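What follows draws every value from the coordinates through simple rules; no lab data is involved. Here the structure is a predicted model, which is why all the values come from computation and not from measurement. Neighbour counts are summed over all protein chains in view; Cβ atoms, including those assigned to glycine, are modelled from backbone coordinates with ideal geometry.
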Amino acid sequence: MVVTIDDIPGWIDNKEDDGSPNEWTRKHLTGLSNYAAQLMEAERLHGFCFVRKFWDSIPWSNRSSLFICALNPFRLAEPERANAITEQLDECFMQS
């Protein structure tokens, strides 16, 4: 899932310090992804999330995107789908 948000001046914006998002933008985007991770954990979802912020030089730099990749490990997958994944794993990995 991807959620795109417009900048909020003074909280998340496209101003940069030496080519990187400024301190408060980094702080708030980190907080946003941490909060999303906590919500995932509360729902017993496993995965990862991260935030993408475009460089100021890109025309649509006034937007940020939160990416959430999650799955419920307690939900049984169809064997055909699970096999397609496990067949890609190294044999040594499967034995440990």
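Spin-label pair ASP17-GLU43: with each label point 7 Å from Cα along the Cα-Cβ axis, the two points sit 3.4 nm from one another. Each other residue within a Cβ distance under 12 Å of THR25 adds +1 if Lys or Arg and -1 if Asp or Glu, for a net charge of -2. Here the chain is treated with +1 on each Lys and Arg Cβ and -1 on each Asp and Glu Cβ, and its dipole about the Cα centre works out to around 260 debye.
Here the Kirkwood formula puts the hydrodynamic radius of the chain at 15.9 Å, using every distinct Cα pair.
Between ILE8 and ILE58, residue separation times 0.36 nm minus the direct Cα-Cα distance comes to 16.3 nm.
The stretch between GLU87 and ARG75 holds 2.4 nm of extra length on full extension. This uses 0.36 nm per residue minus the Cα-Cα distance.
The calculated Kirkwood hydrodynamic radius for region 34-88 is 13.8 Å, given to one decimal from all distinct C-alpha pairs. Against the main long axis of the alpha-carbon atoms of the chain, helix 23-42 sits at an angle near 30°.
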